[in-house]
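One structure is given below, encoded as structure tokens.
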Amino acid sequence: MNKTRIRVLVGKPGLDGHDRGAKVIARMLRDAGMEVIYSGLHQTPEQIVEAAIQEDVDLIGVSVLSGAHMTIFPRIKELLKEQNAEDILLMGGGTIPEEDIVSLIEAGHAEALFTPGATSTEIVSWIKSKLESSKEDVV
Amino acid sequence: MSKEVLDQWIARSFEQDRRATAKLISWVEDDIERAHIMRSVLKKTGQKMVVGITGPPGAGKSSLVEALTKLYRARDERVGIVAVDPSSPYTGGAILGDRIRMQAHGTDRDVFIRSMGTRGHLGGVTRSTSDVLRILEGGGYGRLLLETVGVGQSELEIMQMADTVVVVLNPGTGDGIQAIKAGIMEVADVFVVNKADLPGADRMKNDIEMMLNLNGDTRPWRPPVVLTSVITETGVESLYEKIEAHQCYMLESGQRDERRKERLRQEVWRHWEDKMRALYEIVWEEAREERVILHQDDPYQLAQMLWEERFKGG
Ligand code: B12
Ligand SMILES: Nc1nc2c(ncn2[C@@H]2O[C@H](COP(=O)(O)OP(=O)(O)O)[C@@H](O)[C@H]2O)c(=O)[nH]1
Ligand SMILES: [Mg+2]
């Protein structure tokens, strides 16, 4: 039996054109052995969730540097719930103030959020610790 | 996961539940209950034809897939798309970016797009690809499109999954020459010169026509050469029609069944190949442990000897 591979959808919601971070994350996760579906700029939350379902990803990663994080994360979570796809985890990053991070995480609107300067080790080891145990259960 | 639970997922996929279809694809790709899943799926599928779209990176394959999808949707057909990109040979990871150019159907539930990495094993990709296409067919997607980067042998192999192979090239790039080198010319059923809004498209078309003339006019299907531009939205209708014409030709001439038989032959061989490889490892280990023969290093002689011991001896 093959080892199941971690699949992640990386997308940029809204009109935010700052895609450098998203691209950095996509390469980072590829280099850690994951399959990254990069869906590019200007995604609606609906597009992101539909893509996540079709691609059967373990995890959605969105990059938000526009300040719209307080609406985007809750909306994606809400859509995942509507689709009975709450098992898909949601993480993100970008310029998000500390107090917003605390309130988003506490409300369950995201599983993890990373800010400028977050390292590959931090991000990759968070994903692996969160996912690898649950993946083994399936097999 | 129990067989009962698995069968429920399979049934849900047949009832057009997208989540279930997506799960089946993952399990087959990860080799979880693959034979069981495919036995159910193959019983129900195999009728729909696959259009394969290949060509160099950046030629506009994804853009054309999106443009064709628009035409199929206008005719109310459901579209299943598989886009294969290479995995990194070092980490096994991959960045799968074909969805970037397929956003127009991003929330259309009658279009299912699935990105796949080649995951580094030749032959294995090809088998997964064909299984994934059949799962999509089982999930109710009647139009099946397969995009791969046409650069190497493995990609050519993937293209054998298709009933119609569309090769996409660009003007003024030397793509034609590269395509000949890669052996793509032989597998093409339809040529597309995309980015016809750029200079040199007509010349490229002439070059391809000339090359087809060199091959002689004896072939019953002469691959047409279509000029398209996704930017100015020209030629896509014409491409659509050529694909239809080719599929009619495949059905009427019996070529479709021929290709299918050939595909089956190769697929069975791939299964054998896996078994043979596993058997060989055992044979080799035994020979290494038990005997000194491995000190002689004539591979011709060794191969012959081990083969005969295994398959001809008592
Ligand atoms: C470079 C830059 C630009 C470039 C963008 C180039 C590009 N293609 O990306 C350009 C010059 C085009 C630009 C334009 C603008 N920018 Co600008 N820009 C920046 C700047 C200086 C750096 C961003 C960057 O690329 N960082 C490098 C990357 C690697 O870091 P990162 O994205 O933060 O990612 C890291 C983490 O956040 C995290 N992460 C990020 N995403 C994700 C996702 C996941 C899944 C995970 C796990 C982690 C993660 O991990 C990464 C690695 O550590 C920031 C300031 C800053 N300090 O962030 C402003 C900044 C983002 N820009 C800003 C603004 C206002 C603009 C403009 C509106 C300016 C204007 N008035 O025209 C325009 C808007 C453009 C648009 N269409 O959206 C503001 C945003 C304010 C806000 N949030 O409310 C900032 C914060 C500057 C500021 N202090 O005012 N910008
Ligand atoms: N000028 C022009 N550019 C095109 C055309 N079709 C696609 N492109 C661009 O070519 C690039 C690659 O397209 P994509 O569909 O991703 O190519 P793929 O790698 O073959 O799938 C993108 O920037 C497209 O916008 C076309 O007909 N004309
Ligand atoms: Mg592509």
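Values in this text are rule-based calculations from the coordinates and carry no lab data. Everything numeric in this text was worked out from a predicted model, so none of it was measured. Using ideal geometry, Cβ is built from the backbone for each residue, glycine included, and neighbour counts are taken over all protein chains shown.
Things to note:
- Amide H within-cut-off set for B:Met116, under 5 Å, with H built and near neighbours excluded: B:Ala83, B:Val84, B:Asp85
- For B:Arg259, net neighbour charge (Lys/Arg +1, Asp/Glu -1) across residues whose Cβ lies under 15 Å away: -2
- Residue range of chain B that is longest and free of trypsin sites (Lys or Arg not before Pro) which are both DSSP loop and sparsely packed (at most 13 other C-beta within 10 Å): B:110-290
- Ellipticity estimate at 222 nm from DSSP helix runs (n ≥ 4, -39,500 (n - 2.57)) divided over chain A, nearest 500: -14500 deg cm²/dmol
- Test item: Cα-centred dipole of the protein assembly as shown, Lys/Arg +1 and Asp/Glu -1 on Cβ, debye: 700 debye
- Result for chain B in a Gaussian network model with C-alpha springs under 10 Å: among B:Pro57, B:Pro220, B:Pro86, the largest mean-square fluctuation is at B:Pro220.
- Around B:Glu233: net Lys/Arg minus Asp/Glu count, Cβ-Cβ under 11 Å: -1
- Dipole orientation for the protein assembly as shown: of the candidates A:Ser66, A:Ala26, B:Asn206, B:Asn206 has the Cα lying most toward the positive pole (charges on Cβ; Lys, Arg +1; Asp, Glu -1).
- What the Cβ-Cβ distance of B:Lys312 and A:Glu99 gives, at R0 = 60 Å and to the nearest 0.05, is a FRET efficiency of 0.20.
- Dipole magnitude of the stretch A:7-138 about its Cα centre (Cβ charges: Lys, Arg +1; Asp, Glu -1), debye to nearest 20: 460 debye
- Rounded tilt (10° steps) of B:34-44 against the dominant C-alpha axis of chain B: 40 degrees
- FRET efficiency for the B:Glu252 to B:Arg222 pair, using the beta carbon distance and R₀ = 22 Å, is estimated at 0.90.
- The distance from the alpha carbon centre of the stretch B:94-109 to that of the stretch A:76-123 is 22 Å, rounded to a whole number.
- Comparing Cα centroids, the stretch B:228-305 and the stretch B:1-54 end up 22 angstrom apart.
- Under Stokes-Einstein, with the Kirkwood radius over Cα pairs as Rh, the value for the protein assembly as shown at 20 °C and 1.002 mPa s is 90 µm²/s.
- 3J(HN,Hα) couplings calculated from phi for the stretch A:109-115 with the Karplus curve 6.51 cos²θ - 1.76 cosθ + 1.60 (θ = phi - 60°) are, in sequence order, 7, 7, 8, 7, 9, 10, 10 Hz; Gly and Pro show x.
- When the convex hull of its Cα atoms is projected in every direction, mean area for chain B (nm²): 20.9 nm²
- Residues with amide H under 5 Å from that of B:Ile53, placed H, sequence gap 5 or more: B:Leu146, B:Glu147, B:Thr148, B:Val166
- Cα lying deepest toward the dipole's positive end in the stretch B:264-311, options B:Phe311, B:Leu264, B:Ala278, charges on Cβ: B:Leu264
- Most positive-pole-ward Cα, B:Tyr141, B:Pro220, B:Ser62, against dipole of the stretch B:44-252 from beta carbon charges: B:Tyr141
- Extending 7 Å from the Cα toward the beta-carbon at both B:Met305 and B:Val283 defines two label points whose distance is 1.4 nm.
- Tilt relative to chain B, helix B:255-290 - C-alpha long axis, 0 to 90 degrees, to 10: 30 degrees
- Residues with amide H under 5 Å from that of A:Gln43, placed H, sequence gap 5 or more: A:Lys12, A:Gly14
- Degrees, to the nearest 10: B:124-138 long Cα axis against longest axis of chain B: 60 degrees
- From the C-alpha gyration tensor of the stretch B:227-285, square roots of 5λ in Å: 42, 18, 5
- Per-q log10 I(q)/I(0), the stretch B:264-311, q = 0.16, 0.17, 0.25 Å⁻¹ (Debye; single scatterer per alpha-carbon; no solvent): -0.53, -0.58, -0.95
- Taken about its Cα centre, chain B carries a charge dipole of about 740 debye when Lys and Arg each add +1 at the Cβ and Asp and Glu each add -1 at the Cβ.
- Evaluated at q = 0.10 Å⁻¹: base-10 log I(q)/I(0), Debye formula over Cα of the stretch A:11-139: -0.28
- Net charge of Cβ neighbours under 11 Å - reference B:Val41; Lys, Arg +1; Asp, Glu -1: +3
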